[in-house]
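Step one of this worksheet: look at the structure below.
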């Protein structure tokens, strides 16, 4: 078995990876807020009736748009991992909780303490 060789990253690749990771975490967390808001207007979803729940989700344009945003964010995350070290990309992605808190308060009209404002 050959030993693993470390991957050398250039500064340009690392910076590009960081920018992609920031875009990724922003897209994914904004998508979470939009998906949550879209589901609020749907009939109740149930695991007991998965086909009906899936039809309701796939028939809702706002939810589909948010899902597309989330998927795009995931693809950007994969691209960021290709360009920058894992620890760097994960640390930026973890900071997305701040994006989620701000987006939830501003877009979802929720207070940071919980509940609706």
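For the reader, a short list of remarks on this structure follows.
- Among 54, 86, 20: highest mean-square fluctuation, GNM of the chain, C-alpha pairs under 10 Å: 54
- Sequence-separation-based contact order of the chain, relative, with Cα cut under 8 Å and 6+ spacing, percent: 40
- Dividing the C-alpha radius of gyration of the chain by 2.2 N^0.38 Å, with N its residue count, gives 1.34.
- Fluctuation leader among 95, 41, 73 - the chain, Gaussian network, Cα springs under 10 angstrom: 41
- Gaussian network model of the chain, Cα within-10 Å springs - most flexible of 16, 87, 103: 87
Every number in this text was worked out from the coordinates using simple rules, so none of it is lab data. Keep in mind that what you see is a predicted model, and the values were worked out from it rather than measured.
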